[in-house]
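Taking it in order: structure first as structure tokens, then the write-up.
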């Protein structure tokens, strides 16, 4: 009978550790999720700026126009919503 009692205790301990590990994983994912969403927005914004720059550069090359705006002006216009 003593072995049965020890086996149950080991199972209970294993269940408790599994529950604790699951709770820790959920809390880590919840905390890191906030940073992930914010970072994803910044990444998408940077990708949009890159596409905008590339399209303007290609358009200037196709029309043989010199680039009329500096990179800083383009970034400023993009951030202000002037595409």
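The values are calculated or read from the model by the stated rules, or taken from the named source; none is laboratory data. This one's a predicted model, so the numbers in the text were calculated from it and none came from an experiment. Counting neighbours? That spans all protein chains shown, and the Cβs are built from the backbone with ideal geometry, glycine included.
Take the residues in region 72-83 that are surrounded by 10 or more Cβ atoms within 10 Å (Cβ to Cβ) and modelled with pLDDT of 75 or more, then tell me which one is farthest from residue 46 (Cα to Cα).
Taking the candidates together, the pick is 73.
Tell me, please, whether a residue that is assigned to a helix (DSSP H, G or I), modelled with pLDDT under 80 and within 20 Å of residue 82 (Cβ to Cβ) can be found in region 49-63.
Yes, region 49-63 contains a residue that is assigned to a helix (DSSP H, G or I), modelled with pLDDT under 80 and within 20 Å of residue 82 (Cβ to Cβ).
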